[in-house]
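Novice: Got a structure here, written out as structure tokens. Questions coming.
The values are calculated or read from the model by the stated rules, or taken from the named source; none is laboratory data. Remember, it's a predicted structure, so these values are computed and weren't measured experimentally. Because the Cβ atoms are built from the backbone with ideal geometry, glycine has one as well, and the counts that use them run over all protein chains shown.
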């Protein structure tokens, strides 16, 4: 390992030692999970903003999470950081026989096909009965929907073009509208899920990440609402004293000011 990575490993080990930090000594794999997730999304944001400094910083935070979990593994004699690095190295070599062996491929589609076949034959994966068995249930819903769709598309369970997918969106929206107007909230909830799933499918056909698209739109909404708040504050009122009509006018104005 490089001196910099060795230094980080030593720092984390020191933090976990009897002479280290009380907070760090109290942590375990489970208690660190929310922080791991937070750091990952902060890196997403840094990439969205194309902020080089922030990307470097957030990758450092993610690396800390990996090293911390490896330290916990070392302390419990379960695995070390070297074990983690060796395992992923072996996996990359094993799943890229077209690079590290004599397998021939002519397209990225063949690469993905081979990847799935190799993955299914690996130790620990023998129990997988379905193509979608190993997709984590804890993934964000939009991202997981796209991952499920991509996985089944690899075996041909997919429309050849986007038009039937668009028709499906219209069909699902009609069913959702009917459920809402009937007052059947349980049915409406199910139909809303069907609409979102169908929209993810349309997005996938055009190589659009539904997760990224919704994140972008939410940030756009926040930007415009902050504009409304700032203009209301300038007027000497509070947001609670402002009518919907006035806020809507400022909303339309914000589109040209903050995008």
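Novice: Can we say residue 242 is out of contact with any helix residue (DSSP H, G or I) (no Cβ under 9 Å at 6 or more places or on another chain), over 30 Å from residue 129 (Cβ atoms) and outside the structural domain of residue 47 (by TED's automatic domain parsing)?
Specialist: No.
Novice: Listed residues 39, 49, 58; which is loosely packed, with under 14 Cβ neighbours inside 10 Å, free of Cβ contacts under 8 Å to residues at least 40 places away in the same chain, under 30 Å from residue 220 (Cβ atoms) and under 21 Å from the mean Cα position of the chain (by Cα)?
Specialist: Result of the check over 39, 49, 58: 49.
Novice: Checking residue 247 against (1) out of contact with any helix residue (DSSP H, G or I) (no Cβ under 6 Å at 6 or more places or on another chain); (2) over 24 Å from residue 45 (Cα atoms); (3) modelled with pLDDT of 95 or more, which test does it fail?
Specialist: The number of the failed condition is (1).
Novice: Among the residues of the stretch 168-186, which ones are surrounded by 13 or more Cβ atoms within 10 Å (Cβ to Cβ) and part of a helix (DSSP H, G or I)?
Specialist: Answer for the stretch 168-186, where residues must be surrounded by 13 or more Cβ atoms within 10 Å (Cβ to Cβ) and part of a helix (DSSP H, G or I): 168, 169, 171, 172, 173, 175, 176, 177, 178, 179, 180.
Here's the yes/no breakdown for (1) surrounded by 15 or more Cβ atoms within 10 Å (Cβ to Cβ); (2) touching a strand residue (DSSP E or B) at 6+ places or on another chain (Cβ under 8 Å); (3) assigned to a helix (DSSP H, G or I):
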| position | (1), (2), (3) |
| --- | --- |
| 211 | yes, no, yes |
| 218 | no, no, yes |
| 223 | no, no, yes |
| 232 | yes, no, yes |
| 236 | no, no, no |
| 247 | yes, no, yes |
| 250 | yes, no, yes |
| 254 | yes, no, yes |
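Novice: For residues that are within 28 Å of residue 163 (Cβ to Cβ) and free of Cβ contacts under 8 Å to residues at least 40 places away in the same chain, tally how many sit in the stretch 191-230.
Specialist: Residues that pass the stated criteria total 11.
Novice: Any idea which of 109, 95 is touching a helix residue (DSSP H, G or I) at 6+ places or on another chain (Cβ under 8 Å) and over 25 Å from residue 29 (Cα atoms)?
Specialist: That would be 95, the only listed residue that is touching a helix residue (DSSP H, G or I) at 6+ places or on another chain (Cβ under 8 Å) and over 25 Å from residue 29 (Cα atoms).
Novice: Given the residues 122, 116, 146, which is the only one that is in contact (Cβ under 8 Å) with a residue 24 or more places away in the chain, surrounded by 12 or more Cβ atoms within 10 Å (Cβ to Cβ) and farther than 30 Å from residue 34 by Cβ?
Specialist: Just one listed residue meets the conditions, 116.
Novice: From the residues in the stretch 68-102 that are over 28 Å from residue 120 (Cα atoms) and part of a helix (DSSP H, G or I), which one is farthest from the chain's Cα centre (by Cα)?
Specialist: 75
Novice: Restricting the stretch 16-36 to residues that are assigned to a helix (DSSP H, G or I) and more than 19 Å from the chain's Cα centre (by Cα), which is nearest to residue 81 (Cα to Cα)?
Specialist: In this case the residue turns out to be 16.
Novice: Only one of (1) on the phi < 0 side of the Ramachandran plot; (2) not in a helix (DSSP H, G or I) is not met by residue 50, so which one is it?
Specialist: It fails just one condition, (1).
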